[in-house]
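The values are calculated or read from the model by the stated rules, or taken from the named source; none is laboratory data. Remember, it's a predicted structure, so these values are computed and weren't measured experimentally. Heads up, the Cβs are rebuilt from the backbone with ideal geometry, glycines too, and the neighbour counts pull from every protein chain shown. The accessibility values were calculated without ligands, DNA or RNA, using every heavy atom of the protein model including side chains. Shrake-Rupley method; radii C 1.70, N 1.55, O 1.52, S 1.80 Å.
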Amino acid sequence: MNQLDDEHIRPVRIDALAFGGDYNPDQWPEETWHEDIRLMKEAGITMVSLPIFSWPQLEPEPGVYDWGWLDRILDLLHEAGIRIDLATATATPPSWLLRAHPEMAPWDSEGHRLEFGSRQTYCPSSPVWRENVARMTRAMAERYGEHPGLAMWHISNEYGDHVSRCWCPVTAEHFRRWLQDRYGDLDGLNEAWGVNVWGQRYTSWNHIETPRKAPGPVNPTQLLDFERFSSDAMLELFRIEIDVLREITPDIAVTTNFMSMFRDLDYWDFAAVEDVVTDDAYPEPADPTSHVGAALNYGLMRSLKGGRPWLLLESSASATSWRDVNVPKAPGKIRVESLQAVAHGSDAVMFFQWRQAKYGQEKFHSSMLGHRGEKSRSFQETKALGNELKRLEPVRGTRVRSRVALVIDWDSWWGSSAIESLPSQRLQWAQQARAWHRALYALGHPVDTVRATGPFEKYDVVVVPNLYIAETPQAEALRAFVESGGHLVVGPFSGVVDATEKVHDGGAPGPLRDILGVEIDEQWPIADGLAERLAYGGDSLEVLHWAEWIEADADVEVRGAYATGVLDGLPAVTRRTVGAGSAWYVSAILQPEGMLTMFRDVLRACGLPARDDVNVDAEAVTRADDTTDYTFLLNHGASSVAFTLPAPGVDLLTGADSAGVVELGAYGVAVVASPRAASVPFVTINPVKETA
Ligand code: GLA
C-alpha cells in the first residue's frame with residue numbers, strides 16, 4: 001500500500017477556505033457562463049468542481065476531442081480568481097464506449113446486465129473500462145496539468161454510489177485471480193473457506209463464482225471475501241488514475257469524493273493513496289437529529305488522514321431529489337450544517353451544485369442558485385455564508401482536538417453484516433457504532449475514528465462498538481494502549497472470529513480475552529418484542545435484542561449486571577485494570593438513556609468530563625493550532641441554548657468578546673478564539689430555554 005507520509009502529501013492549491021460547488025457549464029448556453037461568474041464572485045466562491053460527467057461532451061467520438069468549451073470556461077474561472085477542482089471526467093462512460101464493449105456493463109446479483117441511461121454504467125473490473133479511464137485521464141492531465149487555476153484532481157465521482165459490486169463474468173474472473181493472490185493454491189482457499197461444511201470443496205479455480213443466489217445460506221467466508229475483493233477492485237481502479245496523474249502532474253493533489261460512512265468501500269485504504277480526503281454529506285433534513293450522524297461521518301473524514309483537514313465537497317443547499325420525500329432545509333440550517341463540517345475539520349463548504357438544473361434527473365435537487373436565480377432563498381443564504389466564511393480564515397489548516405476515538409473496522413462491518421447465519425440479525429454494525437457515538441456526542445465529546453490497529457496514543461478513551469473479526473495485531477495494539485494508561489471499551493460480539501471467519505479457540509472474545517478478563521459462554525439474543533433489564537449503579541437500564549452469558553475473572557469489576565431473565569445476576573458491563581489503564585466490556589445492546597448512564601460512568605471513571613445536562617442540539621468542537629483554540633458552538637435546534645466555555649474569548653464571526661457563557665438562538669453559531677488551553681476545552685450547556 002502506498003502509505004503517504006507528510007512530505008509526500010501534495011497540498012491543494014488554494015489560499016482560502018474552499019467555497020463553491022459542482023459546476024456543469026455544459027448544461028447551459030455560454031451566455032449563462034458570464035452570469036455564473038458574476039454571481040459566483042458576488043457569493044464569495046473560491047472553488048468549483050467540473051467536468052465530472054462530461055466525458056461524452058469532451059470526446060464525442062472515439063479519439064475525437066472537443067476541448068474548446070472546457071478551455072474557455074476554465075479560463076473564465078481562472079480570470080475570476082476561482083480555483084478548479086478538476087475532474088478527470090471518468091465518472092461515467094460515453095454511450096459509444098459501452099456499445100462498442102457491451103461486456104463492460106455491470107451485472108446485478110441476479111445476473112441482469114445494467115443498461116445505459118443513467119450513470120456509472122461500468123464494471124469496476126473491466127479491462128476495457130480501465131484502459132479507457134487511463135486514456136481519458138492522461139488526455140485530461142496532458143491538456144490541463146499546467147492550467148494555473150488547477151487546485152487538485154477529482155478522480156471519478158463517488159465510487160460505488162450506484163455500482164459498488166458487480167456479478168458479471170469479467171468480475172468472476174477477477175475475483176478468482178484475487179483469491180489466488182490471497183490464498184496461493186486451492187488447498188489454501190478450501191482451508192480458508194471451511195469447505196468441508198456442506199460439501200463445498202473446490203477442485204478447480206474455474207468452479208468458483210461470485211456469491212449469488214444459492215439454495216440456502218452462502219458460505220460466510222466467500223461472502224466476506226467478495227466484500228473485500230469488491231472494495232479492492234474499486235481501489236485498483238482508483239490507483240490506475242492516480243498513477244497516470246502522478247506521472248504527468250507529480251505536484252498536484254489527487255482526491256476522490258467519499259460518501260461519509262459508506263459500508264461498501266474501505267475508506268482507510270482509499271485515503272492512504274490520495275492526498276486529501278473529500279466528502280459528500282447529505283444529512284436528512286426531515287430528521288431533526290441528523291447532525292449527530294453527521295458528526296460521526298466528519299469524525300471519520302478528519303481521521304482518515306490522521307487528523308489533517310479534509311474538504312466538504314458536496315452538500316445540499318436545501319432539498320435533495322433522491323429521497324422519497326425531499327424536505328427542504330429551514331432558514332439558517334444551511335449555515336449551521338455547513339459550519340458544523342468546518343468545526344469538524346473541513347477546510348471547505350461546497351454544494352451540489354452551483355446552478356439548479358433545468359432538465360434531467362436532478363432538476364428538483366436544490367442548488368446554490370435556485371430556479372428563481374438571484375432571488376432564490378438558497379442563493380441569498382449561501383451568498384451570506386460565503387461572505388461570512390472569510391472571517392473563519394484563521395481556522396484553515398487547524399486540527400480538531402479530541403480525547404475520544406471510535407474504532408471503525410470495515411472487515412468487522414462486512415463480516416457481521418454480509419452473513420446470513422448469525423446469532424441474530426438485530427445486532428447491526430453501523431447501528432451499534434452510531435448508538436455508541438451518539439452517547440459520547442451527547443455527553444460533550446467530539447469523537448475521532450481510528451483503525452483497530454491504532455494509532456491510539458492521542459486518545460484517553462478508545463471505544464470499539466464491535467470488532468467481530470479480531471486478530472492478534474489488533475489485540476496487541478489495544479493491549480499496548482491500555483497498558484500505557486489508555487481506557488478501552490469493547491462492545492458485544494467482539495473477538496468472535498479470525499480473518500477467515502473461524503471461531504477463535506475458546507470462543508469470544510478470542511484474542512481480546514486476556515485484556516478484558518471475560519469469557520463469553522453463549523451469545524444470548526433477545527426475541528423481538530421482549531426486553532431484559534440491567535442493574536447499573538442505582539439505575540435499571542433496558543436491554544433489547546442482545547445479551548451474553550459472561551464469566552468474568554476474579555480481578556474484573558462488575559459495573560453492571562443483568563437483573564432479569566435467565567442471565568439474572570451475571571455480569572453485563574465489566575471493567576478491569578490493566579497496566580496503567582482500564583479495559584471495559586459491554587455485553588448488551590443498551591437503549592439511548594442507558595447508553596448515556598453507562599458512558600457517563602465510563603468517561604468519569606477514566607478521568608474525562610461528561611455533561612450532566614444533555615441536549616443533542618448543542619454541539620461544541622474545538623479546532624486548534626499551536627497557539628489558539630477555536631471553539632465552535634453550534635445550536636442545531638430551534639430553541640436557544642446557553643453554552644458555558646472554560647475560558648473567555650472572541651467570536652470570530654461577530655468580533656464580540658465572550659465572557660464564558662454564550663447564548664445562541666435557533667441554528668446559531670459562534671466560533672470563539674482563545675489562547676490554546678492545556679487540555680481540550682470542555683463545553684457544558686444549560687437546560688434549553690423556550691424561544692421567545
Ligand atoms: C451525489 C453526486 C452528485 C449528485 C448528488 C445529489 O453526491 O456526487 O453528482 O448526484 O449526489 O445529491
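Answer with one residue from V496, N157, A172: the one whose Cα lies farthest towards the positive end of the charge dipole of the chain, charges on Cβ with Lys, Arg +1 and Asp, Glu -1.
Among V496, N157, A172, the one farthest towards the positive end of the dipole of the chain is N157.
Calculated from DSSP H runs of 4 or more alone, at -39500 (n - 2.57) each and per residue, what is the 222 nm mean residue ellipticity of the chain, nearest 500? Write out the running numbers ahead of the final one.
Details: 17 runs with 200 residues, N = 692.
Estimated from H runs of four or more residues: -9000 deg cm²/dmol.
Give the carbon-plus-sulfur fraction of the accessible surface of region 82-142 in %, rounded to a whole number; probe 1.4 Å, heavy atoms of protein chains only.
Working: 1180 of 2200 Å².
Answer for region 82-142: carbon and sulfur cover 54 percent of the accessible area.
With a/c under 1.5 counting as rounded, go ahead and sort region 404-605 into rounded, prolate or oblate using the C-alpha gyration tensor (a ≥ b ≥ c being the square roots of the eigenvalues; past the cut-off, prolate if a/b is larger than b/c, else oblate). Walk me through the intermediate numbers first.
On the way: a/c = 1.28, a/b = 1.09, b/c = 1.17.
Judged from the Cα gyration tensor, region 404-605 comes out rounded (a/c under 1.5).
Tell me, what % of the accessible area of region 618-687 is carbon and sulfur with a 1.4 angstrom probe?
Details: 1420 of 2540 Å².
C and S atoms contribute 56 percent here.
I'd like the distance between the alpha-carbon centres of region 478-503 and region 435-462, rounded to an integer number of Å.
Taking the Cα centre of region 435-462 as reference, the centre of region 478-503 is 15 Å away.
What accessible area per residue comes out for the chain, rounded to a whole number of Å², with a 1.4 Å probe?
Details: 25610 Å² over 692 residues.
Ligands and nucleic acids excluded, the result is 37 Å² per residue.
If we count chymotrypsin sites (Phe, Trp or Tyr not before Pro) as exposed when they sit in a DSSP loop and have at most 15 other beta carbons within 10 Å, what is the longest stretch of the chain that avoids them all? Intermediate values should be presented prior to the final figure.
Details: sites that count: Y65, W67, F116, W198, Y202, W322, Y359, F364.
Answer - 365-692.
Subtracting the Cα-Cα distance from 0.36 nm times the residue separation, let me have the gained length for D75 to V503 in nm, one decimal. Write out the running numbers ahead of the final one.
On the way: separation 428, 0.36 × 428 = 154.08 nm, distance 6.02 nm.
Roughly 148.1 nm would be gained on extension.
With each pseudo-label sitting 7 Å past Cα toward Cβ, what's the T644-T628 distance in nm, one decimal?
Spacing of the two 7 Å Cα→Cβ label points: 2.7 nm.
Suppose every K and R has +1 on its Cβ and every D and E has -1 on its Cβ; what is the size of the dipole of region 618-687 about the Cα centre, in Debye to the nearest 20? Kindly include the intermediate steps, with their values, before the conclusion.
Working: 2 positive and 7 negative charges, 20 e Å.
Once rounded to the nearest 20, the dipole reads 100 debye.
Tell me, how many Å apart are the Cα centres for region 374-413 and for region 23-85?
25 Å
Label-point separation (nm) for V566 and E476, each offset 7 Å from Cα along Cα-to-Cβ?
Spacing of the two 7 Å Cα→Cβ label points: 3.8 nm.
Based on Cβ point charges of +1 for Lys and Arg and -1 for Asp and Glu, what charge dipole magnitude is obtained for the chain about its Cα centre, in debye rounded to the nearest 20? Before the final figure, lay out the partial values.
On the way: 62 positive and 98 negative charges, 270 e Å.
Around 1300 debye, computed over the chain.
Among the complete DSSP H segments of the chain, which ones combine at least 30 Å of alpha-carbon extent along their axis with a mean Kyte-Doolittle hydropathy of -1.0 or more? Display every interim value, and only then the final one.
Working: long enough: 220-248 (43 Å, 0.12).
The qualifying helices are 220-248.
Normalised by the number of residues in region 206-278, what is the relative contact order in percent for Cα pairs under 8 Å and 6+ residues apart?
Numbers: 38 pairs, mean separation 21.5, N = 73.
Once divided by the residue count of region 206-278, the mean separation gives 29 percent.
Could I have the simple spin-label model distance between K458 and E393, label points 7 Å from Cα toward Cβ, reported in nm to one decimal?
Output for this residue pair reads 2.7 nm.
Return the Rg/Rh value of region 516-653, two decimal places, where both radii are evaluated on C-alpha atoms and Rh is the Kirkwood radius. Intermediate results must be reported in sequence, preceding the final value.
Numbers: Rg = 19.3 Å, Rh = 17.6 Å.
Checking Rg against Rh, the ratio lands at 1.09.
In region 89-106, whose amide N lies under 13 Å from the spot 7 Å out along Cα-to-Cβ of Y65? List them in ranges.
The answer is 89, whose backbone nitrogens lie closer than 13 Å to the label point.
Rounded to the nearest 0.05, what FRET efficiency is calculated for S321 and A100 with R0 set to 35 Å and r the Cβ-Cβ distance? Walk me through the numbers before you get to the answer.
Working: r = 32 Å, r/R0 = 0.91.
So the FRET efficiency works out to roughly 0.65.
Considering only C-alpha atoms, what is the centroid distance from region 318-372 to region 149-188, in Å?
After rounding, the separation between the Cα centres reads 31 Å.
How many percent of the accessible area of region 169-222 is carbon or sulfur, using a 1.4 Å probe?
Numbers: 1550 of 3030 Å².
Its accessible area is 51 percent carbon and sulfur atoms.
As a test, work out the antiparallel percent of DSSP beta bridges whose residues both lie in the chain, rounded to the nearest 5. Intermediate results must be reported in sequence, preceding the final value.
Details: 55 of 96 bridges.
Of the beta bridges lying entirely in the chain, close to 55 percent run antiparallel.
For the chain, build the charge dipole from Cβ charges (+1 Lys, Arg; -1 Asp, Glu) around the Cα centre, then report which of V558, L541, V573 sits farthest towards its positive end.
L541
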